[in-house]
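In what follows, a structure is listed as structure tokens, so that the remarks can point back to it.
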Amino acid sequence: MTELIFEKSIKGMTGITLTDKEITGTFIRPEFLRKKEPVLPQISELEVMRHFKELSDKNFCVESGFYPLGSCTMKYNPKVNEYLASLEGFTQLHPLQEDRDCQGALELMYKLQEALKEITGMDAITLQGSAGAHGELCGMMIVKHYFKAQNDIKRTKVIIPDSAHGTNPASAGMCGFEIIKVQSNENGLVDISHLKELFENNKDEIAAIMLTNPNTLGLFENDILQISEIAHKNGSLLYYDGANLNAIMGITNPRVMGFDIVHLNLHKTFATPHGGGGPGAGPVGVVEKLKEFLPVPVIDFKDGLYFRKYELKHTIGKIKEFQGNFGVLVKAYSYILMRGNTLKNASCDAVLNANYLKENLKDSFDLPYDRPCMHEFVLSGDWQKAQGVHTLEIAKRLMDYKIHPPTVYFPLIVSEAMMIEPTESENKARLDNFIAAMKNIAKEINENPQETLSAPHNTPVNRVDETNAARHLDLRYRNE
Ligand SMILES: *Cc1c(COP(=O)(O)O)cnc(C)c1O
């Protein structure tokens with residue numbers, strides 16, 4: 001068990017030595033001064049370093065091993081991006097500086113907007129959103145304001161597939177839309193006849209369809225053009241959850257598929273870090289007719305000057321302070337420039353890697369949708385469940401192999417789901433290693449399920465009470 005830093009405290013130890021001259025006088029008003037000494041650990045600098053190094057060694061990251069967390073695109077984040085984002089010219093800027101004093105930063109944002117326009121096929125981009133879900137919220141607000149501007153107040157419903165990421169219904173719901181679920185068919189794709197039926201029954205009340213393509217099963221919606229036609233004929237908008245862009249970038253784009261609004265996760269597709277909840281970036285792109293609804297400011301260029309533009313006729317306002325998570329934008333732009341015309345190779349390799357794993361694992365685990373996949377695929381642990389071992393236990397056992405478990409129990413339409421996304425970063429040896437580990441576990445479940453049922457064995461902590469940890473999060477150290 002790791003001790004807390006407070007428990008390592010030894011009375012009288014210090015990390016720094018202050019001058020022995022007594023510090024007298026203070027500019028802090030007496031009512032704001034502490035009445036009691038603060039409770040701080042007493043510990044030397046070296047012991048502090050050891051403490052935090054030990055903690056960091058217990059962490060798992062893509063630099064420690066294979067991280068096939070489906071839908072999260074845990075690709076390697078090249079360190080040159082970090083270096084560029086840390087340049088003084090970027091880090092020492094103040095967001096309230098005049099446009100003419102921060103031309104470099106504005107130029108970078110403008111050119112990133114241009115690059116994302118090209119990648120998505122959209123006509124305008126905002127960089128403000130700070131995550132995928134935040135981009136969705138922004139996009140849904142645009143949908144709402146768009147219909148409001150046309151006095152079309154009847155459109156209060158949004159159609160979302162039953163395979164969608166949970167943030168989709170959450171974002172639409174937060175904007176006050178009623179969610180209607182469209183079923184997936186036996187191939188894991190949007191059931192077109194059900195979709196038509198929903199449009200029939202709710203005609204002028206449907207504001208938008210929110211779709212992920214490839215969907216969260218890693219499958220490409222072959223009928224996307226038909227879906228787009230159904231939506232647009234009805235006067236509805238088509239929203240693209242672009243978190244999975246890693247499968248298609250440079251090969252096709254949401255514009256070609258008929259989408260009107262797109263959000264992207266720079267912290268997935270464009271190689272910026274996203275462990276521990278952020279900071280990320282969720283830019284939103286729109287087609288021409290929605291341009292004036294974007295949040296302000298957008299970055300524009302005129303007469304040799306890059307500037308922040310606030311005058312958009314129907315703007316939804318601001319969704320984030322200043323220009324969003326600027327450092328993340330620098331890293332993503334650096335990644336795009338570094339990849340250049342080979343951006344699409346990332347997608348090709350990601351798709352190849354996923355198919356390689358799928359084909360090699362489908363004899364050992366149930367593959368509910370046996371079709372060529374895109375950047376990820378979903379296995380079911382149903383065969384193992386019949387032997388008394390659940391997917392959660394398979395996930396825990398993988399940790400003994402120093403492999404991060406895939407996303408489990410999602411999407412909800414696959415029982416005992418394991419959603420596997422290798423990304424393009426991994427070489428064949430790593431993929432083979434994962435295949436071997438998964439096959440070993442399947443074999444072990446056949447022969448001696450107890451090993452898997454009691455996993456993990458080699459991790460800093462064993463089984464934790466996950467429900468309790470999620471519902472009653474208590475991280476406070478009590479000194480009493
Ligand atoms: C990750 C993801 C999101 C949400 O993105 P966040 O940045 O985590 O808010 C939405 N949709 C899909 C398909 C995703 O994979």
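List every residue pair whose Cβ atoms lie under 7 Å apart, where the two residues are 6 or more positions apart in sequence or sit on different chains, the first residue falls within segment 189-216 and is under 22 Å from Thr269 (Cβ atoms), and the second residue, located anywhere, is part of a helix (DSSP H, G or I) and within 16 Å of the ligand (Cβ to nearest atom). Note: pairs meeting the criteria are Met210/Asn168; Met210/Ala172; Asn213/Ile224; Asn213/Met257; Pro214/Ala247. With respect to Asn246, is the statement that it is assigned to a helix (DSSP H, G or I) and within 15 Å of the ligand (Cβ to nearest atom) true? For Asn246, the condition - assigned to a helix (DSSP H, G or I) and within 15 Å of the ligand (Cβ to nearest atom) - is met. Taking the criterion of being over 25 Å from the mean Cα position of the chain (by Cα) and surrounded by 22 or more Cβ atoms within 10 Å (Cβ to Cβ), the only residue of segment 208-229 that qualifies is Ile227. Counting only strands (runs of 3 or more DSSP E) that sit completely within segment 253-348, those holding 1 or more residues that are surrounded by 20 or more Cβ atoms within 10 Å (Cβ to Cβ) and β-branched (Val, Ile, Thr) correspond to 261-264, 284-286, 298-302.
Listed by position, the helices (runs of 4 or more DSSP H) enclosed by segment 18-119 include none that has at least 3 residues that are in contact with a His (Cβ under 8 Å, 6 or more places away or on another chain), touching a residue at least 24 places away in the same chain (Cβ under 8 Å) and surrounded by 13 or more Cβ atoms within 10 Å (Cβ to Cβ). Inside segment 123-141, can you point out the residues that are hydrophobic (A, V, I, L, M, F, W, C) and either over 21 Å from the mean Cα position of the chain (by Cα) or within 16 Å of the ligand (Cβ to nearest atom) (or both)? Matches in segment 123-141: Ala124, Leu127, Ala131, Ala133, Leu137, Cys138, Met140, Met141.
Could you look through segment 181-202, keep only residues that are among the aliphatic types (A, V, I, L, M) and buried (at least 18 other Cβ atoms within 10 Å of the Cβ), and pick out the one that is farthest from Lys144 (Cα to Cα)? Among them, the one singled out is Leu189.
Among the residues of segment 376-398, the ones that are surrounded by 18 or more Cβ atoms within 10 Å (Cβ to Cβ), among the aliphatic types (A, V, I, L, M) and either free of Cβ contacts under 8 Å to residues at least 40 places away in the same chain or not in a loop (DSSP other than H, G, I, E, B) (or both) come to 5 in all. With respect to the conditions (1) within 16 Å of the ligand (Cβ to nearest atom); (2) modelled with pLDDT of 95 or more, Val80 lacks only one, and its number is (1).
Criterion applied to Val158, Val182 was being over 22 Å from Val287 (Cα atoms), more than 21 Å from the chain's Cα centre (by Cα) and either in contact (Cβ under 8 Å) with a residue 12 or more places away in the chain or away from the ligand (no atom under 15 Å from the Cβ) (or both), and the one residue passing it is Val182. Name the single residue, out of those in segment 167-179 being within 16 Å of the ligand (Cβ to nearest atom), over 25 Å from Met419 (Cα atoms) and in contact (Cβ under 8 Å) with a residue 12 or more places away in the chain, that is surrounded by the fewest Cβ atoms within 10 Å (Cβ to Cβ). Once the filter is applied, the top-ranked residue is Met174. Which fully enclosed helices (runs of 4 or more DSSP H) of segment 132-237 have 1 or more residues being touching a Lys or Arg at 6+ places or on another chain (Cβ under 6 Å) and farther than 29 Å from His375 by Cα? Helices (runs of 4 or more DSSP H) meeting the threshold: 132-149, 192-202.
The values are calculated or read from the model by the stated rules, or taken from the named source; none is laboratory data. If you're wondering where the values come from, they're calculated on a predicted model, not measured in any experiment. Cβ coordinates were reconstructed from backbone atoms using ideal geometry, including for glycine residues, and neighbour counts include every protein chain displayed.
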